[in-house]
Amino acid sequence: MTQRFENKVVLLTGAAAGIGAAIAHYLLESGATVVAADLRLENFGQMLAEVPEPLRARLHTYAMDVSDERAVSEVMGQIAETQPSLDAVVNNAGGSLMGGVAEITFEAWSHCLAVDLNSVFIVSKAALPLLQRSRGSIVNVASISGLFADHRMAAYNAAKGGVINLTRSLAVDYGPAGVRANVVAPGPVRTPALEKLLARDGSLLNAWQAGTPLGRIAEPADVAAAVAFLISDEARQISGVVLPVDGGFTAKTGQPDLAAVLL
Ligand SMILES: NC(=O)c1ccc[n+]([C@@H]2O[C@H](COP(=O)([O-])OP(=O)(O)OC[C@H]3O[C@@H](n4cnc5c(N)ncnc54)[C@H](O)[C@@H]3O)[C@@H](O)[C@H]2O)c1
């Protein structure tokens, strides 16, 4: 049987851990060739061990700092030389930074914007010639933190908000060339990093769950399924959208239950 992404080549950043590793697994299981990039090749150790042997032939790992234009250009050159096409890019690499504007240094702010936002510019710019040839698509992994503000996460809020509007610019500018661009905006996702946070304060889980209409926070595979949908042909008429994967967390205004008082 033909698999959903047979003969499709996807570049995925931040692929060694967390959500990125789940996206890589999902795409490999669905027949894609995955060009998986992360900061260092050593980071792939555990992820590689979890990929079933028959799928490994379609997984190509690269060390690539997404905030380094030269490193990205080198990997893109290798993709152009070794792959028949580049059909999709998933800009997933990222990291958060805690602190309000008065608390963080300009250096830390700049680093957060480099990894979370400049990276999307750098990787998308380098990939566009190949994506225009394949009439491919881009999915950027932002966050619900790009839609609204959190407590003391100014740089992350700004960077992810930037990712969302940069994606709209990509959709507007390159739609006429057949390139789609969309955002997946996860709420909290049960990655190993988040599990560590929950180990420090278990009450966070209750707070997240209580604020989520569906009553549970996302698994990495939930985000992977949304990414796969957006790069698939099923989404061929969808461009410039922000798809929250948050169990309904951002569907609310945040107001108290007034009906409970008035009815
Ligand atoms: N986990 C969540 O709850 C959550 C929620 C919303 C959005 N997100 C977003 O999802 C994406 C993945 O998050 P995660 O939780 O899986 O993170 P993670 O820290 O578990 O994994 C991120 C991966 O990106 C890599 N990376 C970091 N900087 C890089 C760089 N400069 N170049 C290349 N690779 C780099 C890391 O080595 C790591 O393998 C991020 O963009 C994050 O902001 C996560």
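The values are calculated or read from the model by the stated rules, or taken from the named source; none is laboratory data. Since we're looking at a predicted model, the values are computed, not measured. Glycine gets a Cβ as well: all are built from the backbone with ideal geometry, and neighbour counts include every protein chain shown. Side chains are part of the model used for accessible areas, which takes the heavy atoms of the whole protein and leaves out ligands, DNA and RNA. Shrake-Rupley method; radii C 1.70, N 1.55, O 1.52, S 1.80 Å.
Quick one: how many residues across the range 250-259 are within 30 Å of MET47 (Cβ to Cβ) and open to solvent by 60 Å² or more (accessible area, probe 1.4 Å)? Total meeting the criteria: 0.
Which of the residues that make up the range 18-31 are free of Cβ contacts under 8 Å to residues at least 60 places away in the same chain and in contact with a Phe, Trp or Tyr (Cβ under 8 Å, 6 or more places away or on another chain)? Step through it out loud before you land on a result.
To start, the set of residues in the range 18-31 that are free of Cβ contacts under 8 Å to residues at least 60 places away in the same chain comprises 24, 28-29, 31.
GLY31, the sole residue that qualifies.
Of all residues in the range 231-249, those satisfying the criterion of being assigned to a helix (DSSP H, G or I) and open to solvent by less than 50 Å² (accessible area, probe 1.4 Å) are ILE231, ALA235.
Would you list the helices (runs of 4 or more DSSP H) that sit entirely within the range 114-226 and hold 2 or more residues that are within 15 Å of the ligand (Cβ to nearest atom), open to solvent by 60 Å² or more (accessible area, probe 1.4 Å) and basic (Lys, Arg)? Even if it seems obvious, please write down each step before you answer.
Details: elements: 119-134, 154-174, 192-200, 203-210.
It comes to 192-200.
The single condition from (1) surrounded by fewer than 23 Cβ atoms within 10 Å (Cβ to Cβ); (2) closer than 21 Å to ARG133 by Cα; (3) under 17 Å from the mean Cα position of the chain (by Cα) that VAL10 fails is (1).
Please tell me if ILE23 is under 18 Å from ALA193 (Cα atoms) and open to solvent by less than 10 Å² (accessible area, probe 1.4 Å). Criteria met by ILE23. Restricting the range 209-218 to residues that are free of Cβ contacts under 8 Å to residues at least 40 places away in the same chain and not polar (S, T, N, Q), the residue that is nearest to ILE23 (Cα to Cα) is ALA218. Remark: pairs (first residue in the range 187-198, farther than 20 Å from PHE148 by Cα; second residue more than 9 Å from the ligand (Cβ to nearest atom); Cβ separation under 7 Å; 6+ apart in sequence or on different chains) = ARG190/GLU219; LEU197/LEU204; LEU198/LEU204; LEU198/LEU205.
Could you please give the count of residues in the range 199-244 that are under 18 Å from the mean Cα position of the chain (by Cα) and closer than 19 Å to VAL89 by Cα?
So the first thing to find is which residues in the range 199-244 are under 18 Å from the mean Cα position of the chain (by Cα), and the list is 217-232, 235, 238-244.
Adding the requirement that they be closer than 19 Å to VAL89 by Cα leaves 220-232, 235, 238-244.
The qualifying residues number 21.
All conditions but one from (1) more than 15 Å from the ligand (Cβ to nearest atom); (2) touching a residue at least 12 places away in the same chain (Cβ under 8 Å) apply to ALA15; the one that does not is (1).
The lone criterion from (1) part of a strand (DSSP E or B); (2) touching a Pro at 6+ places or on another chain (Cβ under 8 Å); (3) not basic (Lys, Arg) left unmet by ALA22 is number (1).
Select from the range 1-53 the residues that are at pLDDT below 95 and among the hydroxyl-bearing types (Ser, Thr, Tyr) and list them in ascending order. THR2 - this is the single residue of the range 1-53 that is at pLDDT below 95 and among the hydroxyl-bearing types (Ser, Thr, Tyr).
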